[in-house]
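The values are calculated or read from the model by the stated rules, or taken from the named source; none is laboratory data. It should be emphasised that the depicted structure is a prediction, and the values quoted were computed from it without experimental measurement. Every residue, glycine among them, receives a Cβ derived from its backbone with ideal geometry; neighbour counts consider all protein chains shown. Protein only, heavy atoms only, side chains kept; ligands, DNA and RNA dropped before computing areas. Shrake-Rupley method; radii C 1.70, N 1.55, O 1.52, S 1.80 Å.
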Amino acid sequence: MTAKERTQALLAFIEKSPSPFHAVRAIAERLEQEGFEYLPETKPFDVACGGKYYTQRNGSSIIAFRIPQDPKGGFQLMASHSDSPAFKVKGENPFLTDGNYTRLNVERYGGMIMAPWLDRPLGIAGRVIVQTENGVRSELVDSGKNLTMIPNMPIHLNRQLNENLSYDAQKELLPVIGGPDAKDHFFEALGCSAAKEDILGMDLYLYNRVPGTLYGVEEEYVGSTRLDDLQCAYGTLEGFLAAEGGEKISVYCVFDNEEVGSSTKQGAASTFLADTLERVWYGLGGDALSLKCAVADSFLVSADNAHAQHPAHPEKYDPVSRVYMNKGIVIKQSANQKYTTDAVSEAVTKKICREAGVPYQVFANHSNIPGGSTLGGISTSQVSAASVDIGLAQLAMHSPYETAGTQDTEYLVQFSKKFYETPLHADEGGFAF
């Protein structure tokens, strides 16, 4: 697959993933196409050597694993996240009307850039919990159309608008969904099959409806919503599925709620990963002590996008460790361990890149400007494996429309494939392979 073909496939995946719930459903469908068997957490895992399985938690986090015929050592893992900053619908009755307009009561989810959300077509997607004759069930919904918009004030009535990009989230960032009767048709517009009175709960998010596209003189860039972190979720999935061989149990993880700290039952700070590895290991006949040994012989790649240098603000970046789009895998460093990379895990990652024929670059934050953290350190606080933090370089992180490199998704697929195929074994010096 060429880099542009891979990028188009990425955009198709993102289009099917307007919420974390939809992203996990799309991943599960892809896994089942490849013969993976679903194991619900509510039942004991029945696993065997040579098997391929996956499990979910909350419908928004997913872990898949492939067991070799003769597993040697522990686990080789890659992790990313399903959520992105967005506006979430709030309240029991989220409709505000003045007799002319109906607006939705929403709140911010995650650390977003707010201004680009205004004056663009938005959809609404997520899940509703409905009462039926057979009990309570969860239903995924998606407007699938331009349902709403957050209108700006005209410049004539706010002459300082371009000088002060500050918004009152409760007052100015509520989307208009229609006229005074719009609330009567809201759930129908989402494609919900239940009557309004049968809806007991909802997790609904606004999402940008502007389609993803390739742009630039040579189409070297891709613009899209939710590149952070669906680009990594997609790239690591395709590498995981393409990998052949491998001595250890291969594990693919996507967690929800990274953008709000991961401290949820389905986040990277939860027991989800540790529980899953334990179930798999015990299902293969292992015990608690051998599991600890296996984890000590494991390696985790945390994949979450990185900040490409912005052409207008070079002063915000480290003078040396700058990264750029279309130049390959970004290895992230942080002395304060916001990223888990150390000398050993960096060396392992560079060697795998070289063997995969994939370029790499190293990122560090400006010493006076701390960057964000990711799920690597959170995951390893639950499963204490060796770890590296990587990503793909992008601009406008946490905007509803971000930019990344057209070449880089394919680089991540090739790196991920090689990672899962490479036997990594811990020794006194770190890892030998």
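So, for segment 376-433, what is the accessible surface per residue at a probe of 1.4 Å, expressed in square angstrom? Display every interim value, and only then the final one.
Working: 1760 Å² over 58 residues.
On a per-residue basis, 30 Å².
With bins 10 Å wide beginning at 0, the percent of Cα pairs of segment 86-128 falling in each bin runs 22, 53, 24, 1. Once segment 374-414 is represented by equal point scatterers at the alpha-carbon sites, with solvent omitted, what log10 I(q)/I(0) does the Debye formula produce at q = 0.21, 0.24, 0.31, 0.35 Å⁻¹? Here the Debye-derived log intensity ratios amount to -0.81, -0.87, -0.99, -1.11. Computed from the C-beta positions of Lys265 and Asp287 and an R0 of 35 Å, the FRET efficiency is 0.85 to the nearest 0.05. Highest mean packing first, where packing is the average number of other Cβ atoms within 10 Å per residue, the peptides 85-92, 378-385 line up as 378-385, 85-92.
Helices in the chain, meaning DSSP H runs of at least 4 residues, each add -39500 (n - 2.57). Divided by all residues, the mean residue ellipticity at 222 nm is -7500 deg cm²/dmol.
How tilted is helix 343-356 with respect to the longest principal axis of the chain? Cα atoms for both, answer in degrees (0 to 90, nearest 10). Taking Cα atoms only, the helix is inclined about 90 degrees. When the alpha carbon coordinates of segment 1-123 are projected onto the principal axes, the ranges are 67, 41, 25 Å, largest first. Convex hull of alpha carbon positions in segment 289-433: directionally averaged projected area 9.4 nm². Projected onto their three principal axes, the Cα atoms of the chain cover extents of 70, 60, 38 Å, largest first.
Could you work out the local net charge near Thr102, counting Lys and Arg as +1, Asp and Glu as -1, over the other residues with Cβ closer than 11 Å to its Cβ? Mind dumping the intermediate values first?
Details: positive: Arg103, Lys183; negative: Asp98, Asp181, Asp184.
So the surrounding residues net to -1.
How far, in degrees from 0 to 90, does helix 3-15 lean away from the longest principal axis of the Cα atoms of the chain, to the nearest 10? For helix 3-15, the angle is close to 50 degrees. Packing, taken as the mean count of other beta carbons within 10 Å per residue, orders the peptides 298-304, 189-195 from highest to lowest as 298-304, 189-195. Its Cα centre serving as origin, segment 303-411 has a Cβ charge dipole (Lys and Arg +1, Asp and Glu -1) of approximately 160 debye. For Lys316, a cut-off of 22 angstrom between C-alpha atoms picks up these lysines, skipping any fewer than 8 places away in its own chain: Lys327, Lys332, Lys338.
Once the convex hull of all Cα atoms in segment 262-313 is built, its volume per residue stands at 115 Å³. Note on Ser367: accessible area approximately 110 square angstrom, rounded to 10, probe 1.4 Å, nucleic acids and ligands left out.
Determine which lysines satisfy two conditions relative to Lys88: a Cα distance under 25 Å, and not lying fewer than 8 residues away in the same chain. The qualifying lysines are Lys16, Lys145, Lys171, Lys183, Lys196, Lys265.
Got a number for carbon plus sulfur as a percent of the chain's accessible area, 1.4 Å probe?
49 percent
For the set Cys353, Cys293, solvent exposure ranked by accessible area (probe 1.4 Å, protein chains only) runs largest to smallest as Cys293, Cys353.
Note that segment 184-196 has calculated 3J(HN,Hα) couplings of 5, 10, 4, 5, 4, 5, 7, x, 6, 7, 9, 6, 4 Hz, one per residue in order, obtained from phi through the Karplus relation 6.51 cos²θ - 1.76 cosθ + 1.60 (θ = phi - 60°); glycine and proline are x.
In summary, the lysines within cross-link reach of Lys292, defined as a Cα separation below 22 angstrom excluding same-chain residues under 8 places away, comprise Lys72, Lys248. When segment 230-332 is described by a simple charge dipole with +1 on each Lys and Arg Cβ and -1 on each Asp and Glu Cβ, the residue from Leu241, Ser263, Val330 located farthest towards its positive end is Val330. Helix 272-283: angle to the longest alpha-carbon principal axis of the chain, degrees 0 to 90, nearest 10? Tilt relative to the chain: about 40 degrees.
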